[in-house]
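Reading through the structure tokens given below for one structure.
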């Protein structure tokens, strides 16, 4: 992966290396994927990046607890909900940072910048599920025919962002009813998206609620991996279009280097790397999407109309998940 990123970046106009300096990044993105991005940023800028990896929700809560005493300069989050939740802790970005990104991903208040897009999908077993067995809506997963067959990850940040969007689109009571319906239907709990896909492949469950990009990474190493994925009917909340993104911590005294990192993430080479190696949707033009993915234009058409800035009430979602016994 590192070689690919370096090759992509070789297409960019080389800039003089900066004097040795440091940058502290809190990352809700996993090291296996973004480690090469960080390494290339260090190589091309001369800036040493000190990265604290963790769950997006965990790091968002830590930033709120640390406040102005936080050592973080940048927060790179897995989803727009967490970014919105801590937007008051971010410095304003210049308007031009977001001007070039796709409108569906843009933060109109310029508190953070999207770094890649992703769609929620339904993963399923290619060995035990026929096309006629696929539900049309996420609500159908609470029906008897899906009892004990569906995986989900209530502690996962992207799932929590989905629940927040559910609350925005259909109200708290509807979201609570769906959660309780899934619990009553014996939905199986897993740690994250990857463990859901592995559980489907291993025959533990038949379906999983995940982000679109995980399956491609498995198929890339095993063409016979017995899992496929699909969307629900157009407009269903289960097709939520979300983003990963990054913001500069307002309390940071390292704003210049933080801005360099944001610009680096929005460069064509970095975006191309995330599309090719991450199976995610680029947020700027002139980047070739991964050929195995549903085209972005199609995803945009079938996604529910949810403003990413509206899915910021993470604490309300955590309260709801605690209320129904999932946390």
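Restricting the search to helices (runs of 4 or more DSSP H) fully inside region 264-327 and requiring at least 1 residues that are modelled with pLDDT under 90 and touching a helix residue (DSSP H, G or I) at 6+ places or on another chain (Cβ under 9 Å) gives 314-323. In the set 164, 137, 142, only one residue is crowded, with 16+ Cβ neighbours inside 10 Å, within 23 Å of residue 241 (Cα to Cα), touching a residue at least 60 places away in the same chain (Cβ under 8 Å) and touching a helix residue (DSSP H, G or I) at 6+ places or on another chain (Cβ under 9 Å); that residue is 164. Restricting attention to region 76-104, the residues that are in a strand (DSSP E or B) and in contact with a helix residue (DSSP H, G or I) (Cβ under 6 Å, 6 or more places away or on another chain) total 1.
Return yes or no: is residue 16 part of a loop (DSSP other than H, G, I, E, B), exposed (fewer than 14 other Cβ atoms within 10 Å of the Cβ) and modelled with pLDDT of 95 or more? It is false that residue 16 is part of a loop (DSSP other than H, G, I, E, B), exposed (fewer than 14 other Cβ atoms within 10 Å of the Cβ) and modelled with pLDDT of 95 or more. Selection of region 65-93 for residues being more than 17 Å from the chain's Cα centre (by Cα) and either in contact (Cβ under 8 Å) with a residue 40 or more places away in the chain or closer than 27 Å to residue 210 by Cα (or both) yields 67, 68, 69, 70, 71, 72, 73, 89, 90, 91, 93. The single condition among (1) surrounded by 23 or more Cβ atoms within 10 Å (Cβ to Cβ); (2) part of a helix (DSSP H, G or I) that residue 67 does not meet is (1). Selection of region 105-123 for residues being within 23 Å of residue 294 (Cβ to Cβ), in contact with a helix residue (DSSP H, G or I) (Cβ under 7 Å, 6 or more places away or on another chain) and assigned to a strand (DSSP E or B) yields 114, 115, 116, 117, 118, 119, 120, 122, 123. Name the single residue, out of those in region 205-246 being assigned to a loop (DSSP other than H, G, I, E, B) and touching a strand residue (DSSP E or B) at 6+ places or on another chain (Cβ under 7 Å), that is nearest to residue 277 (Cα to Cα). Here the residue is 212.
The values are calculated or read from the model by the stated rules, or taken from the named source; none is laboratory data. This structure is a prediction, so every number in the text was calculated from the model and none was measured. As a convention, Cβ positions derive from the backbone with ideal geometry for all residues, glycine included, and neighbour counts pool all protein chains shown.
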